[in-house]
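A.B. asks: Pasting a structure below so you can have a look.
Just so you know, all these numbers are worked out from the coordinates, no wet-lab data involved. These numbers come from a predicted model, not from an experiment. Every residue, glycine as well, gets a Cβ built from its backbone with ideal geometry; the counts of neighbours run over all protein chains shown.
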């Protein structure tokens, strides 16, 4: 039993006592108000953070404050309503049932909130904290038992903040304009091709010490002991690691192109079979598959369809200059953490490198074409000297 488990047990007992005193009506109302307020805050967090501006870290902090403020306001208002209703309950047996149920829901609420914060803490830049969270038996048990509806709600809250890790492809005032194509063929996500290539799709992690935060992204093996990813995934990271089929390998950057947003890691001892880049580009409407590790979690496989291919002008990931890149626009979902993963054709060959999503269209993502990353393929395959990844974002 980890220290986190002991703390959670103590908190659950304290909140259960408080819930017994308040009763189910007040506790449930406060609980619903808390999450309802958090949802409202999540919708406002992005615009408020963008309006105030500042660094990525400050925007994330502002977004978190807005979400928390919404949750607390919702809890306060709903709790007031719950107390007004409970005062009308005068039958003693009903009060007893209300108190016992209040204790139960309060204890559950503590465990649920602990589960919500477990992922960011497990990816903390502080190893001692991350280790204790990952070893928590209670957190793992809650994770296994959380209903899909609650998990989807939490994912939407995280996405409101997490997508800030994805670079903007277009200028801020340029609306996304893409070609309409049929809905992606969802059967692709369960195809035999996925089973064949998934071992070569890896998670890239590291600590950006100057920002005091854990960085997680995706990548894929394209040459012996070489992994391709995005430059923005490695920004500020000095000692990256690669997770491939449950094994962790030390890595170091040997190629970084910050304008294109592509990088290559040398991974000594990596045994995974390299994926081949496609010999021919594909046209609008072609089937595709997005693979990666969004949100620092497990492997995600998503069906996609190519909307278009062409040169797009926009800011580099540091927003320091305007660059023109050859990209595939995709009908498919790209989340923070997908960055650096492969865009695959239906035959398992690599079409490009996933690197961004549209700010104003959650169903549109972008991938650098094989032509755009040609230099990275050629030079990264043989480079051996470590290179700098630049400051963190």
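A.B. asks: By per-residue mean of other Cβ atoms within 10 Å, what is the highest-first order of 280-286, 136-142, 353-359, 366-372?
C.D. replies: On the way: 280-286: 14.0, 136-142: 18.3, 353-359: 26.9, 366-372: 22.7.
Most protected by this proxy first, the peptides run 353-359, 366-372, 136-142, 280-286.
A.B. asks: Turning to a different aspect of this structure: Need one word for the stretch 338-392: rounded, prolate or oblate. Basis is the Cα gyration tensor (sqrt eigenvalues a ≥ b ≥ c); a/c below 1.5 gives rounded, then a/b vs b/c decides.
C.D. replies: Note, shape of the stretch 338-392 comes out oblate.
A.B. asks: With a ≥ b ≥ c taken as the square roots of the eigenvalues of the C-alpha gyration tensor of the stretch 315-354, please select rounded if a/c is under 1.5 and otherwise prolate if a/b is larger than b/c or oblate if it is not?
C.D. replies: prolate
A.B. asks: Taking a ≥ b ≥ c as the square roots of the eigenvalues of the Cα gyration tensor of the stretch 168-393, is the shape rounded (a/c under 1.5), prolate (a/b larger than b/c) or oblate?
C.D. replies: Because a/c hits 1.5 or more and a/b fails to exceed b/c, the stretch 168-393 counts as oblate.
A.B. asks: At 0.36 nm per residue, minus the direct Cα-Cα distance, what do residue 10 and residue 143 gain on full extension? Give it in nm, one decimal, please.
C.D. replies: 45.9 nm
A.B. asks: Would you mind computing, in nm to one decimal, how far apart the modelled labels at residue 385 and residue 178 are, each placed 7 Å from Cα along Cα→Cβ?
C.D. replies: 4.0
A.B. asks: Assuming R0 = 41 Å, what is the FRET efficiency of residue 248 and residue 65, from their Cβ-Cβ distance, to the nearest 0.05? Write down the numbers at each step before the final one.
C.D. replies: Numbers: r = 34 Å, r/R0 = 0.84.
Taking R0 as 41 Å, the efficiency between residue 248 and residue 65 is 0.75.
A.B. asks: Based on the Cβ-Cβ distance from residue 32 to residue 104, what FRET efficiency comes out when R0 is 22 Å, to the nearest 0.05?
C.D. replies: After rounding, the FRET efficiency stands at 0.90.
A.B. asks: Provide the gained length on full extension for the span residue 259 to residue 378, in nm with one decimal, where the gain is 0.36 nm per separating residue minus the Cα-Cα distance.
C.D. replies: 41.1 nm
A.B. asks: What does the highest-first list of 298-310, 340-352 look like by mean Cβ count within 10 Å? Can you show the working numbers first?
C.D. replies: Numbers: 298-310: 19.2, 340-352: 24.4.
Those peptides, ordered most packed to least, come out 340-352, 298-310.
A.B. asks: Could you order the peptides 258-265, 312-319 from most to least packed, using the average number of other C-beta atoms within 10 Å per residue?
C.D. replies: Values: 258-265: 24.9, 312-319: 17.1.
The peptides rank, most packed first, as 258-265, 312-319.
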